[in-house]
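Input: a single structure, listed below in structure tokens.
The values are calculated or read from the model by the stated rules, or taken from the named source; none is laboratory data. Remember, predicted model here, so these are calculated numbers, not experimental data. Methodologically, a virtual Cβ is constructed for each residue, glycine included, from the backbone with ideal geometry; neighbour enumeration extends over all protein chains shown.
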Amino acid sequence: MSNKTLGELGEEFALQYLKRCGYRIIERNFRCRCGEIDFIAREGKALVFIEVKTRRSLRFGTPEEAVTPAKQKKLRTVASYYLQRFSCDPLCRFDVLALTVTGRTIRPNLIKNAF
């Protein structure tokens, strides 16, 4: 399985998983000149920016470890753009959905307010 296919599998799983967890998806793969955010959703009153990381092994670290300080900075920049562009209430947070794929099993780890 290619990395692209793995990422697509992870995002499809994430979409269904987040819905089951009570998130109301507003945007998927939101892109602007600053970068991309995998999902933007509402959970209760909070606007949530969600980064999905999928790995098939822990050989290079856990999926959540791939959300480095540089990646966090980029996500904050995109979120700031989104908040300004759509005049949103600034009550927001960043969640990370880390997915580990082993064979046909996907193990999710949802980290709310990750950074």
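Annotation for the stretch 68-77: at least one member residue is outside any helix (DSSP H, G or I) and either touching a residue at least 60 places away in the same chain (Cβ under 8 Å) or under 20 Å from F115 (Cβ atoms) (or both). Can you tell me which residue in the stretch 1-42 is nearest to L99 (Cα to Cα), limited to those that are assigned to a helix (DSSP H, G or I) and of a type in the set (S, T, Y)? For the stretch 1-42, the residue satisfying everything is Y17.
Filter the stretch 50-66 down to the residues that are out of contact with any Ser or Thr (no Cβ under 9 Å at 6 or more places or on another chain), in contact (Cβ under 8 Å) with a residue 12 or more places away in the chain and surrounded by fewer than 21 Cβ atoms within 10 Å (Cβ to Cβ) and list them by number. Selection gives E64, A66.
To keep it simple, each residue is scored yes or no on (1) part of a strand (DSSP E or B); (2) among the charged types (D, E, K, R); (3) under 23 Å from E8 (Cα atoms); (4) in contact (Cβ under 8 Å) with a residue 40 or more places away in the chain.
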| position | (1), (2), (3), (4) |
| --- | --- |
| V48 | yes, no, yes, yes |
| A79 | no, no, yes, yes |
| Q84 | no, no, no, no |
| F94 | yes, no, yes, yes |
| N113 | no, no, no, no |
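Out of the residues in the stretch 29-49 meeting the condition of being among the basic types (K, R) and modelled with pLDDT of 95 or more, tell me which one is surrounded by the fewest Cβ atoms within 10 Å (Cβ to Cβ). Per the criteria, the residue is R33. Look at the stretch 19-39: where a residue is on the phi > 0 side of the Ramachandran plot and a partner is of a type in the set (G, A, S), sitting 6+ places away or on another chain with Cβ atoms under 9 Å, you get G22/G44.
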